[in-house]
Structures are given as C-alpha cells and as structure tokens.
Amino acid sequence: MRSYLDYAGIGVVRPAARKAMAAAIEDVLANGGTEYGAFFAARERARRAAARILQASEDEIALLSNTSEGLQIVAAGLRWRPGDEVVVFDRDFPANVQPWRRLADLGVRLRFVPMREGGYDLDDVAASIGPSTRLVAVSHVNFITGFRMDLDAVCALAREVDALVSVDAVQSIGALPLSVTDTPVDFVAAGGHKWMCGPPGTGVLYCRRERLDLLTRAPAGWFGYEGAQDMLVRGESGHFTYERVPRPTARRFEGGMPNMLGFVGLAEALEEIESIGLPVIADRVLGLAGALRERLIERGFEILGPDHQGTRSGIVTFAPKHPREIYDRLSAAGIALSFPDGRLRLAPHYWTSMDEIDAVFLAT
C-alpha cells in the first residue's frame, strides 16, 4: 500500500496494539482461562484511557463491540411515550438513524434536520426541536462530507426543552477533542476501529452518570448485575441467585463475554493517543486535511461541505466528474480511500506522511 487515507473507513491498528494482541494470543489464550486476569486488567486500562480522553469518569464508560451497539442500548433503554420525537439528521450514517426509526411502533416520531451544502444549519436544528422532542441524535462528524457539528450549540438548543443529546462520535474520537465535561452531551458511542486505531469489534459508550437510571429497558446480560461472579469465584455455596440489582455504573451495559483480545489492542491504541495528546493530533489531522483540500481545489475538484475552519474534520470528500474512474486509478496506484454515495473520501491521520498526500496527486 503506497498511501493509506481511509481512516474514516477502517483505521490502521497501531504497531503497539498489534504486538500486545499477538503476545496475548500466546501468553493468555494458549492457557485457557488460567491467565484471563491479564485480559480483565487490559480491559480496565482501555476503560480508564477512554474516560481520560473524553474527560469522563471511568464509571460512565461501557466497553462494547461497536458504535451501533451503544446507540441501540440508548434507543432500547429509554422508556418512550407515544408522541415523543427524536431529531435526526438527513444523510447521517444509518447506524444513527435506524435505531430511532424502529421506535415508530411505540408511537415515536422522527424529525429530520436537512443537509444544506454538505452541512447543517443551527437554525434548522432549532426549528426541528420542539416541546415533544425527547432526544437529539447527532453525529459529531458527518461520515460523507466531514462536516463537524457544534455540539455545544446543539446541547444548548436541546436543553431549552429538556431533551437528551446522543452523539455518534465514531468519526471524531481519536482525531478531534471531545470533552463531556465541557460539552454536556448525555450519551456518546464510538467504535474503536476508525480514528482510535484499535481493532474491529471494540467500542465505547459514554453515559452521563445522571442518565444511567433512564436506561431502565436497556438489554443486560448476566455480567451487568452486582455480584454476578460470586458463584464462580468465591468457591462456596449460597451465592447462586437471580435476585441481583444492576451494577451502579455503565458496566451494567456489558452483558457477557467481551472481545477480550480486542480490548488488549484498544488499551494500547488509546494510551498511544493519550501520550501524543489530542490537541497535537487534531492540529496535524486538520493540517493534512487542509493541504488535501487546497490541492484538490487547485486541480479543479469540487469539495463537499462548508469551508469553515470550525466545521472541518479529518475527512475531505470531493466529487469529480467521473468518480469511478478516479477511484479506480487511485486504488490501482496503491492509495486506500473510500467511495461513499458516489463521492471520493480521503481521511488522513496523525501518522500520515506528506509523501502519502503527494501520492494522491501523482496518481491524478
């Protein structure tokens, strides 16, 4: 591969993460359950790192399999009333629309914020929010155009009607800062396989502590209850009972056996991001994306999405006259990119070199 510019699709798992996972295969999996304590320790490292990156409490973090699982937990967990409304966004990724669409049989209605010129206008968001709004389901960064939403403004609008805010952050965490301390969102879901550069089958769900008990109908497996392991680890009788209460933290959403090997890798990937620092990563990602934009414009390509610094992300999407031809040419030249909805999407990360950026233009 000559140039990898598809972090908005699948990220490259970092070398330290791959090494740790390979070691765990030999040192842990080769020994059955006797060494599983190392897996549990790595999973807690991943939880702590995710909490620090989001500036949350570790008790507000659930470790899951992907973004969809987190969003489905929120959608299924709330007690909906007929007439409730959920604000969603036109041309958002299906993972952040389908869970809310399925609530129609409960009498829940969707209100769509239109996309205009590749982005969203806050006036349209405000017009979509009303007295019946129960939740706003927004993506931090749109997966096609790379438009970055002003989450502080969305939260302010939602709070006017006491609505909740749920964020799909799979296209931002690991590349752009998101502080749940500064920005009062209620839920954040993200898979670890894109900008976090972790393995597929890993993800995080943030649930603000004050909202935990709102998700009373969320699916829960045996491990989501207090004292779930007592009958296995205490070695004495009398601990087997179904009468248990949900864990008092976001761990209640972690139902059964997790992707242990994946969380070994995710812990390493998140700790590497921490060690560099998200402000440093974001500066480089936005700088590389800006360089791509400028050179594409010089070549006469149309860039999707508003051209405002505050709405940019690591995604640069352009629409050539013959997209399939350009896509095939770039792919044949060893450049990894995406082709969503008939557009060409480039997404560099902190580790992307300028040589990889140059390769795009040598091939076009």
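Before moving on, here are some points about what is shown:
- Selected from THR317, THR67, THR181 as most flexible by GNM, with the chain as the system and alpha-carbon contacts under 10 Å: THR181
- Prolate/oblate/rounded call for the range 182-230, Cα gyration tensor, a/c under 1.5 rounded: oblate
- Of the residues VAL138, SER275, LEU110, the one whose Cα sits farthest toward the positive end of the charge dipole of the chain, with +1 on the Cβ of Lys and Arg and -1 on the Cβ of Asp and Glu, is LEU110.
- DSSP-defined beta bridges in the chain - what % are antiparallel, rounded to 5: 45 percent
- Using only side-chain charges placed at the Cβ, +1 for Lys and Arg and -1 for Asp and Glu, the dipole size of the chain relative to its Cα centre rounds to 480 debye.
- Viscosity 0.890 mPa s, 25 °C: Kirkwood-radius Stokes-Einstein D of the range 126-228 over Cα pairs, µm²/s: 163 µm²/s
- The residue list ILE73, PRO323, ALA24 was ranked by how far each Cα lies along the charge dipole of the chain toward its positive end, using unit charges on Cβ atoms, and PRO323 comes out on top.
- GNM result for the chain, Cα springs below 10 Å: residue of SER313, SER275, SER179 fluctuating most strongly: SER275
- Estimated at 0.36 nm per residue, the fully extended path between MET260 and ASP341 surpasses their Cα-Cα distance by 25.7 nm.
- Contact order relative to length of the range 302-364, as percent, for alpha carbon pairs under 8 angstrom and 6 or more apart: 33 percent
- When the chain is treated as a Gaussian network with alpha carbon springs shorter than 10 Å, the biggest mean-square fluctuation among GLU268, GLU58, GLU226 belongs to GLU226.
- Inter-label distance for TRP80 and GLN98, nm, one decimal - labels placed 7 Å from Cα along Cα-to-Cβ: 1.6 nm
- The range 300-351, dipole about Cα centre (Lys/Arg Cβ +1, Asp/Glu Cβ -1), debye to the nearest 20: 40 debye
- Computed on the chain, with alpha-carbon pairs under 8 angstrom and 6+ residues apart, the relative contact order is 26 percent.
- With helices as the sole contributors, the chain gives -10500 deg cm²/dmol at 222 nm; each DSSP H run of n ≥ 4 counts as -39500 (n - 2.57), and the sum is divided by every residue.
- Taken about its Cα centre, the range 181-310 carries a charge dipole of roughly 300 debye when the Cβ of each Lys and Arg holds +1 and the Cβ of each Asp and Glu holds -1.
- Tensor-based shape of the chain (alpha-carbon gyration tensor, a/c under 1.5 rounded, otherwise prolate or oblate): oblate
- Per-residue packing, averaged as other Cβ atoms within 10 Å, sorts the ranges 187-193, 137-143 into the order 187-193, 137-143, beginning with the highest.
Read the figures in this text as sums done on the coordinates, not as results from a lab. Please read all numbers here as calculations on a predicted model, not as lab measurements. Using ideal geometry, Cβ is built from the backbone for each residue, glycine included, and neighbour counts are taken over all protein chains shown.
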